[in-house]
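In what follows, a single structure is set out as structure tokens and then discussed.
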């Protein structure tokens, strides 16, 4: 069983209110209720088919619930918003191969109508933050997987998003690159006050990054539990993962997934 946690009251920034979704005759989500704080880093875990990625799609406004509502600051989400960005796992396909690193980041700024002079300044700042200043004029094919994912994250952050949606963004990366990007992401989003909804199959990643972990059940997808992650920040890849609270949470989440996997 997952550990019981007492949550402090929150002022919802994003709310899934009694959300159900049916697609192609199959019920994907059923009566889901979930509130997210502004600036929160929330990680979503659960067995295959529980609707993790569907949560992100609903929040982009590209998919509408069959019943219930998705609200942001009390207003229904009715379509894409310029301050909502999404990072995909398939970083290679997310980047334009004919554009350089700078050119790919510039794409988001061009869409927002940012002037050429300001674009250059913001691109330089982001490249410095993600450690790619020396690679500005390279093309995606010339970069490692981890570097390509850094470009995708930088392009999303260029929008200065209020909400960042991430769909297993580090799943295809090696362990050391993944840990480096976890730390960079945590620092950058905390600095910007970004609200993050992060889907992952990696239970340790969910605990390490999250303020809370949202556990879903499958068939149909529904909320199973919400767990506070009471680990101090900033977190460290060694000491945080050895913390007794981390180990307890990992065991509880592992037992949950094992008990609900199909």
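The values are calculated or read from the model by the stated rules, or taken from the named source; none is laboratory data. Here the structure is a predicted model, which is why all the values come from computation and not from measurement. Note: ideal-geometry Cβ built from the backbone for every residue, glycine included; neighbour counts use all protein chains shown.
Before we move on, is residue 206 assigned to a helix (DSSP H, G or I) and either touching a helix residue (DSSP H, G or I) at 6+ places or on another chain (Cβ under 8 Å) or modelled with pLDDT of 95 or more (or both)? It is true that residue 206 is assigned to a helix (DSSP H, G or I) and either touching a helix residue (DSSP H, G or I) at 6+ places or on another chain (Cβ under 8 Å) or modelled with pLDDT of 95 or more (or both). A Cβ distance below 7 Å, combined with a sequence gap of six or more or placement on separate chains, defines the contacts here; from the range 68-95, residues that are on the phi > 0 side of the Ramachandran plot and at pLDDT 90 or above reach residues that are assigned to a strand (DSSP E or B) and surrounded by 18 or more Cβ atoms within 10 Å (Cβ to Cβ) in the pairs 68/19.
Screening residue 90 with (1) in contact with a strand residue (DSSP E or B) (Cβ under 7 Å, 6 or more places away or on another chain); (2) outside the structural domain of residue 197 (by TED's automatic domain parsing) gives one miss only, at (1). When the range 128-141 is limited to residues that are in contact with a helix residue (DSSP H, G or I) (Cβ under 9 Å, 6 or more places away or on another chain) and over 19 Å from residue 170 (Cα atoms), the one that is surrounded by the most Cβ atoms within 10 Å (Cβ to Cβ) turns out to be 135.
Restricting attention to the range 40-51, the residues that are modelled with pLDDT of 95 or more and either more than 21 Å from the chain's Cα centre (by Cα) or part of a loop (DSSP other than H, G, I, E, B) (or both) add up to 1.
All of (1) over 21 Å from residue 153 (Cα atoms); (2) surrounded by 21 or more Cβ atoms within 10 Å (Cβ to Cβ); (3) more than 17 Å from the chain's Cα centre (by Cα) hold for residue 36 with one exception: (3).
Restricting attention to the range 2-20, does a residue exist that is over 17 Å from residue 74 (Cα atoms), modelled with pLDDT of 90 or more and outside the structural domain of residue 213 (by TED's automatic domain parsing)? Yes, the conditions are met somewhere in the range 2-20.
The single residue among 59, 55 that is under 12 Å from the mean Cα position of the chain (by Cα), crowded, with 23+ Cβ neighbours inside 10 Å and assigned by TED's automatic domain parsing to the domain that holds residue 251 turns out to be 55. Counting only helices (runs of 4 or more DSSP H) that sit wholly inside the range 94-190, those with at least 2 residues that are under 17 Å from residue 209 (Cβ atoms) are 145-158. Only one residue in 197, 185 is closer than 24 Å to residue 14 by Cβ, within 12 Å of the chain's Cα centre (by Cα), in the same structural domain as residue 252 (by TED's automatic domain parsing) and modelled with pLDDT of 95 or more. Which one? Matching residue, one of 197, 185: 197.
Counting only residues that are in contact with a helix residue (DSSP H, G or I) (Cβ under 9 Å, 6 or more places away or on another chain) and in a loop (DSSP other than H, G, I, E, B), which one in the range 52-79 is farthest from residue 226 (Cα to Cα)? Before you say what the answer is, go through the steps one by one.
Going through the range 52-79, the residues in contact with a helix residue (DSSP H, G or I) (Cβ under 9 Å, 6 or more places away or on another chain) turn out to be 63-65, 70, 72, 77, 79.
When the remaining residues are screened for being in a loop (DSSP other than H, G, I, E, B), the result is 63-65, 77, 79.
On the way: 63: 24, 64: 24, 65: 22, 77: 23, 79: 27 Å.
Ranking the candidates gives 79 first.
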